[in-house]
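K.L.:
The structure is given below, and queries will be raised subsequently.
Please treat every number below as a calculation from the coordinates, not as lab data. All of these numbers come straight from a predicted model, not from anything done at the bench. Positions of Cβ are generated from backbone atoms using ideal geometry, with glycine treated the same way; all protein chains shown enter the neighbour counts.
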Amino acid sequence: MFVTDYAKRIGFTSPFEASLDSLRRLHEAHFYTVPFENFSMHANADRGLTQDVLREAIVERRRGGICYETGGLMQAFLDACGFDYEMRLCSVLGTHRTPATHQIFLVTLDGERWLLDIGYGAQGPRGVLKLADGAELAHPALSARITLDDTAQSPRWAVSVMEHAVGATEWKPIYSFVDAPIGAIDLEMAHFYTTRFPASPLNKYKVASIPTSAGRVSVRDNTLTIVEDGQIHAVMIEDVGQ
């Protein structure tokens, strides 16, 4: 079964149920096991993000993926567990704000909503975030916070992080989103932009990252960066292909 194979891949054990404990365990199991990486995104896009493609790439070959690929696995698991959820598309914040191209989930449990993000990479939230203005999730390596800007015509939520592992002392916004439903066609367009548009950040660099308990391990083109306990070590590596 697709979901069972995915659970084995990330080391997630039963019960498969729609509970906050299950959601937290699911995030942790995936986040520390499946890396964010774009090495195969063009090949996967050409084949279509079907369950067979995702199983072969991430479960059988034990690769990582971008948010739409890991999100496809997660969506199947949320369905199997009976979670009440919706998807949202976020604009990544940085030097230049991107279109709404980053996929996340909003999960409703007992009348409360939780942000589930397993597709941003090692500098994303280290757990699920309650969708409440000012809610924070503390972690020794990287803490996360969510805030609401309701002054605009369309209120926006923003997620920020403070990466203690690199000595950060200020919050850094990483993405924002409008709390409005999206459909499959919206995901398809965002995926097309991400994989095909020349200015898309993921078309400019080869990247991969996975968190550790004390930091992260990241690759950007030919640079391997290891962050741990406040220390940053960067070394050049040889491009050996995929």
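K.L.:
Which Cα, out of Pro201, Ala168, Ile185, lies furthest along the positive dipole direction of the chain (beta carbon charges, K/R +1, D/E -1)?
P.N.:
Of the listed residues, the answer is Pro201.
K.L.:
Rounded, prolate or oblate, given the Cα gyration tensor of region 77-165, with a/c below 1.5 counting as rounded?
P.N.:
In terms of gyration-tensor shape, rounded.
K.L.:
Here's another thing I want to ask about it. Which of rounded, prolate or oblate describes region 1-87 when judged by the alpha-carbon gyration tensor and an a/c cut-off of 1.5?
P.N.:
It is prolate, given that a/c is not under 1.5 and a/b is the larger ratio.
K.L.:
Express the relative contact order of the chain as a whole percentage, based on alpha carbon pairs under 8 Å and six or more residues apart in sequence.
P.N.:
It rounds to 17 percent for the chain.
K.L.:
Now a separate question. Around Val217, what is the net charge, scoring Lys/Arg as +1 and Asp/Glu as -1 over all other residues with Cβ under 13 Å from its Cβ?
P.N.:
Neighbourhood net charge equals 0.
K.L.:
Among the lysines, select those whose C-alpha is under 29 Å from the C-alpha of Lys204, and discard any that sit fewer than 8 residues away in the same chain.
P.N.:
Within the straight-line limit of under 29 Å, Lys204 reaches these lysines: Lys172.
K.L.:
Another question about this same structure. Using just the helices of the chain, give the 222 nm mean residue ellipticity in deg cm²/dmol: DSSP H runs with n ≥ 4 each add -39,500 (n - 2.57), and the total is spread over all residues, rounded to 500.
P.N.:
-7500 deg cm²/dmol
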